[in-house]
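The values are calculated or read from the model by the stated rules, or taken from the named source; none is laboratory data. Keep in mind it's a predicted model, so treat the numbers as computed, not measured. Cβ sites come from the backbone with ideal geometry, for glycine too, and all protein chains shown count toward neighbours. Just so you know, the surface numbers come from the protein's heavy atoms only, side chains and all, with ligands and any DNA or RNA stripped out. Shrake-Rupley method; radii C 1.70, N 1.55, O 1.52, S 1.80 Å.
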Amino acid sequence: MKPIKVGLLGIGTVGSGTFNVLKRNQAEIKGRAGRAIEIAMVADLNVARAKELTNGECEVVSDGNLVVTNPDIDIVIELIGGYGVAKDLVMKAIANGKHVVTANKALLATHGTEIFKAAQEKGVMVAFEAAVAGGIPIIKALREGLTANRIEWVAGIINGTTNFILSEMRDKGLDFDVVLKEAQRLGYAEADPTFDIEGVDAAHKATIMSAIAFGIPVQFDKAHVEGITKLQATDIRYAEQLGYRIKLLGITKRTKVNGRDGIELRVHPTLIPAKRLIANVEGAMNAVLVQGDAVGATLYYGKGAGSEPTASAVIADLVDITRLATADPGNRVPHLAFQPESMSDTPVLPMSEITTSYYLRMQVADQPGVLADITRILADSTISIDAMLQKEPAEGETKADIIILTHQTQEKNIVTAIQKIESLDTVVGHVSKIRLEQLS
Ligand code: NDP
Ligand code: HSE
């Protein structure tokens with residue numbers, strides 16, 4: 001059978017990894033796919049660099065339009081990133097009847113509905129394993145391996161840059177800026193690193209997993225997004241003393257509020273028990289924990305970023321498409337796991353309606369009755385206390401730190417209680433609030 005022809009848009013970190021791995025493992029990949037997979041054309045703004053990387057083995061152009069309109073190209077890989085040119089080229093590729101592989105989670109989380117609809121109408125596949133957790137085959141696991149299950153929740157460390165920063169800061173006492181620069185040097189960070197540190201990249205990935213897990217449209221605009229920039233070293237230390245680690249988690253859960261079904265979709269720093277496997281995922285590694293009703297909990301661990309780990313996922317998609325290219329479109333795996341007519345309209349809940357436990361840290365005057373006032377406010381809001389830590393004032397100081405871990409409650413209850421606690425004369429400044437998940 002003649003080789004399937006691939007056009008590559010963007011030969012940067014992931015694009016060059018894809019080119020190299022495909023070349024190095026050509027024979028094995030051909031054996032698995034059933035025919036050779038050949039990158040026939042590359043488009044990159046830096047043509048000289050692209051020519052050097054491809055060593056005269058394929059045509060190199062600067063304009064991606066030449067790739068997506070080339071009748072000889074069967075599959076287009078989009079590895080440019082962003083929503084501008086990338087979206088335009090993906091839509092043109094689909095319109096021209098090309099299958100698409102992309103690692104672009106930002107694009108899919110925001111424009112996925114439009115892209116998948118266009119692909120459905122045209123009968124082409126859009127594959128995106130590399131868009132979530134890099135080299136970990138989590139899309140395949142959620143969409144195919146766990147297809148028998150009613151997924152209950154998914155929680156993941158899905159941004160390598162922030163996990164690397166949190167790990168290095170804790171282990172080596174390094175400053176935030178130093179570690180971020182290192183993550184950028186290693187190719188983990190996004191072109192705009194604020195996407196990593198503000199939680200946006202993790203929210204893009206959580207949005208995609210939520211759609212596949214629960215059969216809902218991709219709805220990045222409904223996700224709650226909180227990064228690690230406001231996290232204080234004090235909280236990392238107190239969390240450790242209480243037996244917890246703080247990780248930036250992407251969480252999506254099926255839930256019920258007042259008898260109505262809803263979906264939680266949120267990214268924020270989270271305390272998790274230090275004894276959980278996922279709490280020990282360090283550096284740029286990613287891990288995703290999935291709770292299914294039949295299988296129970298399953299954990300997927302691996303490199304979530306980097307040139308060849310991400311290329312591994314891109315090429316897995318190329319092989320899948322190559323195997324299914326001649327299949328009737330109705331017999332292929334649906335883009336979002338569920339057949340389009342079986343998608344659900346279960347709403348993504350506002351943050352005020354989510355239910356979780358909380359870590360609260362406050363500075364208080366070291367005098368009688370303070371603790372009683374605080375616990376009364378929590379009790380009035382029907383918030384039950386799980387654990388408490390009081391740190392005596394340092395020599396010459398009059399203020400003590402109080403740390404409280406609560407049992408589960410709705411976010412709106414804790415927000416109201418915090419407002420009341422902050423209004424007490426004996427409480428100094430703001431109460432720090434970090435959500436806590438047992439993940440059991
Ligand atoms: P890079 O910035 O390293 O590569 C992008 C490449 O696209 C560059 O060579 C760039 O050229 C080129 N490019 C930019 N604009 C155009 C254009 N209009 N036409 C043709 N080429 C263009 O990005 P990455 O490889 O890191 O990321 C690619 C995608 O993969 C992104 O969506 C990213 O989110 C995703 N991803 C990345 C991971 C990683 O570990 N890096 C992991 C998982 C997903 P120039 O340099 O000259 O601008
Ligand atoms: N910037 C991302 C990360 C790359 O740090 O995880 C992988 O998507």
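Restricting region 177-245 to trypsin sites (Lys or Arg not before Pro) that sit in a DSSP loop and have at most 15 other Cβ atoms within 10 Å of their own Cβ leaves K230.
In the chain, helical runs assigned H by DSSP with n ≥ 4 each contribute -39500 (n - 2.57); averaged across all residues and rounded to the nearest 500, the mean residue ellipticity at 222 nm is -10500 deg cm²/dmol. Using a simple spin-label model with pseudo-atoms 7 Å out from Cα toward Cβ, R170 and E353 lie 3.3 nm apart. For M362, the solvent-accessible surface computed with a 1.4 Å probe is close to 0 Å², ligands and nucleic acids excluded. Among L349, L299, the order of accessible area from largest down is L299, L349, computed with a 1.4 Å probe on protein heavy atoms. The string of couplings for region 286-294 from the Karplus curve (6.51, -1.76, 1.60, θ = phi - 60°) is 10, 7, 10, 9, 10, 9, x, 5, 8 Hz, one whole number per residue in order, with x for Gly and Pro. Dividing the mean sequence gap of close Cα pairs (under 8 Å, 6+ apart) by how many residues the chain holds gives a relative contact order of 16 percent.
Shape of region 176-286 from its Cα gyration tensor (a ≥ b ≥ c, root eigenvalues): rounded if a/c is under 1.5, otherwise prolate when a/b > b/c, or oblate? Display every interim value, and only then the final one.
Numbers: a/c = 2.13, a/b = 1.31, b/c = 1.63.
The shape class here is oblate.
Put a plus charge on the Cβ of each Lys and Arg, a minus charge on the Cβ of each Asp and Glu, and nothing anywhere else: the dipole of the chain about its Cα centre is then about 1000 debye.
May I ask what percent, to the nearest 5, of DSSP beta bridges between residues of the chain are antiparallel?
Details: 54 of 78 bridges.
Beta bridges within the chain, antiparallel portion: roughly 70 percent.
Accessible surface calculations at 1.4 Å, restricted to protein heavy atoms, place region 21-167 at 40 Å² per residue. In this calculation the C-beta distance from N20 to T113 is compared with R0 = 35 Å, giving a FRET efficiency of 0.55. Using the Cβ-Cβ distance between E422 and Q184 with R0 = 30 Å, the FRET efficiency computed as 1/(1 + (r/R0)^6) comes to roughly 0.20.
Can you give the FRET efficiency for V47 and N96, using 1/(1 + (r/R0)^6), R0 = 25 Å, r = Cβ-Cβ distance, to the nearest 0.05?
It comes to 0.65.
Enter the accessible area of F176 (Å², nearest 10), with the probe set to 1.4 Å and all protein chains included. Accessible area, nearest 10 Å²: 50 Å².
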